[in-house]
Every structure is written in C-alpha cells, then in structure tokens.
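**Student:** One structure, pasted below without further comment.
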Amino acid sequence: MNPKPVQIHWAIKEIKELEFFIDEFIDLGPSFDFNYTVEIMPLANEEIVRLGIKVDYAKSDTKELFMRGKVVTSFSIKDLKTLVRKTEDNPDFVDLPEPLWIALFSIAFTHARAILSRSSAGTKYAHMLLPAINPETEFRKLFGNHVKQKEV
C-alpha cells in the first residue's frame with residue numbers, strides 16, 4: 001500500500017531586489033563570463049524559506065566585474081517547523097519533497113532573470129539576460145547531494 005502523499009501549502013510571500021550594480025564604462029572586448037550562486041535561507045520559526053540568486057558578469061580576461069544583481073524570493077510554507085530535521089551536515093535541514101524544491105528554485109530563478117532584465121534595460125548591457133534554464137537539471141547540479149541527507 002502506498003503512503004498518502006503529504007500536501008504542503010505554500011505561497012510566494014515577497015520578491016526583493018537586494019543589489020544591482022552596473023559599470024557601463026568597462027569595455028568588454030570579445031567575451032565575458034557570468035556565473036550565478038543560489039543561497040537557501042530557511043526561517044523555520046517564521047515559516048519562510050528564502051532563495052537568493054546572485055548573478056555576476058565580469059570581463060573574461062581581467063575578471064573585472066561590470067554587472068551584478070541579487071534577488072531574493074521568499075516563500076511562506078505552512079507548518080514549516082514540522083518539516084525541519086537534523087542531518088549530518090545541517091542542524092536545520094528543511095525536508096521538502098524534491099519536486100517542490102525544484103519548483104521553488106525555478107520560480108526564484110525566473111524572478112531573478114526578470115528583475116535583472118528590468119534593471120539593466122536601457123543600458124549597454126541590456127542584451128545580457130540570464131539564460132532560460134532547465135530548473136530540474138540546474139537544481140540537481142547545485143544541490144543534488146544535499147536534497148536527500150541522512151538523518152542523525
């Protein structure tokens with residue numbers, strides 16, 4: 001007999017642009033580098049999980065930063081406290097189903113992509129959008145080893 005799936009009630013609580021920087025005086029040359037990082041910030045007592053996406057664009061040769069953006073999407077998750085457990089690596093591991101983690105990441109990445117596009121509009125870097133991604137593939141690249149952690 002299959003166990004009954006757990007229903008988790010969640011919603012987008014807030015979207016904030018925390019940082020935007022641009023230096024249009026930098027001459028890029030033929031190529032540039034970009035990377036992004038993702039930070040997961042659980043606030044179990046407030047029943048909130050925040051996903052922060054920070055994007056850096058830099059010259060390929062000198063690594064001089066010419067654009068940066070950071071966007072945080074906050075999600076309210078009902079009864080989050082009941083989904084926190086201790087693991088070997090993390091005393092406050094939020095145990096959400098992997099498809100929900102992927103959905104939250106996808107939404108947060110899309111918000112970062114849209115807000116960075118809006119903030120850079122009208123500049124000489126307006127064409128440098130974050131690429132569309134496969135959220136499942138990217139999530140697993142970033143967090144694959146951390147989604148299913150061993151309980152202590």
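Since every read-out is calculated from the coordinates, none of them should be taken as a lab result. Bear in mind that the values here come from a model prediction, so they are computed numbers and not experimental data. Every residue, glycine as well, gets a Cβ built from its backbone with ideal geometry; the counts of neighbours run over all protein chains shown.
**Student:** Under 13 Å from a point 7 Å along the Cα-to-Cβ line of W10: which residues of the stretch 101-135 have their amide N that close?
**Tutor:** Only 101-109 fall inside the zone, counting backbone N under 13 Å.
**Student:** Between F25 and S117, take the C-beta separation as r, use R0 = 25 Å, and let me know the FRET efficiency to the nearest 0.05.
**Tutor:** 0.70
**Student:** Then there is this: Given that just one value was derived from the coordinates, which of (i) -0.30, -1.06; (ii) -0.26, -1.09; (iii) -0.35, -1.07 is log10 I(q)/I(0) by the Debye sum over Cα atoms at q = 0.09, 0.18 Å⁻¹?
**Tutor:** Derived directly from the coordinates: (iii).
**Student:** For the stretch 1-104, run through the trypsin sites (Lys or Arg not before Pro) and keep only the ones in DSSP coil with at most 16 other Cβ atoms within 10 Å of their Cβ.
**Tutor:** K63, K78, K86
**Student:** Pull out the extension gain between L18 and I107, defined as 0.36 nm times the separation in residues minus the alpha carbon to alpha carbon distance; nm, one decimal.
**Tutor:** So the chain would gain 30.4 nm between L18 and I107.
**Student:** May I pose another question? Just T123, T73, T110 to compare: in a GNM of the chain, with alpha carbon springs under 10 Å, which one fluctuates most?
**Tutor:** Result: T123 has the largest fluctuation of those listed.
**Student:** Which chymotrypsin sites (Phe, Trp or Tyr not before Pro) from the stretch 73-102 combine a DSSP loop assignment with at most 12 other Cβ atoms within 10 Å?
**Tutor:** Sites meeting the loop and neighbour criteria: none at all.
**Student:** Run the helix sum for the chain: -39,500 (n - 2.57) per DSSP H stretch of 4+ residues, divided by residue count, reported at 222 nm to the nearest 500 deg cm²/dmol.
**Tutor:** Computed ellipticity for the chain at 222 nm equals -8000 deg cm²/dmol.
**Student:** If you keep only loop residues by DSSP, which GluC sites (Glu not before Pro) in the stretch 43-152 have at most 16 other Cβ atoms within 10 Å of their Cβ?
**Tutor:** Filter output for the stretch 43-152: E64, E88.
**Student:** Quick one: if the Förster radius is 41 Å, what FRET efficiency do T62 and M41 give, using the C-beta to C-beta distance and rounding to 0.05?
**Tutor:** Plugging the Cβ-Cβ distance into 1/(1 + (r/R0)^6) gives 0.80.
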